[in-house]
Amino acid sequence: MLRAIALQQRHRISYWDAAVIEAARAAGCDVVLSEDLADGHDYDGVTVRNLFLDAA
């Protein structure tokens, strides 16, 4: 929870998005699929991919 709050403040994203990213990091994931966050953005080692952009 504290890591998610720090990530939220550092990257100016919602707490809930930060919590998802931190949960992924804790599970050993380096990629998160999301339509809400910036595609390709690296959040301290976890990269976001938006698969809906590839479908266009």
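The values are calculated or read from the model by the stated rules, or taken from the named source; none is laboratory data. Here the structure is a predicted model, which is why all the values come from computation and not from measurement. In this analysis, Cβ positions are derived from the backbone assuming ideal geometry, glycine residues included, and neighbour counts consider all displayed protein chains.
List of remarks:
- Near pairs, Cβ below 6 angstrom, 6+ apart or cross-chain, from region 32-49 (of a type in the set (S, T, N, Q)) to any residue that is at pLDDT 95 or above: S34/V48; T47/V31
- When A27, A4 are checked against the criterion of being surrounded by 11 or more Cβ atoms within 10 Å (Cβ to Cβ) and either among the small types (G, A, S) or within 9 Å of the chain's Cα centre (by Cα) (or both), a single residue qualifies: A4.
- I13 passes every criterion in (1) modelled with pLDDT under 95; (2) surrounded by 12 or more Cβ atoms within 10 Å (Cβ to Cβ) apart from (1).
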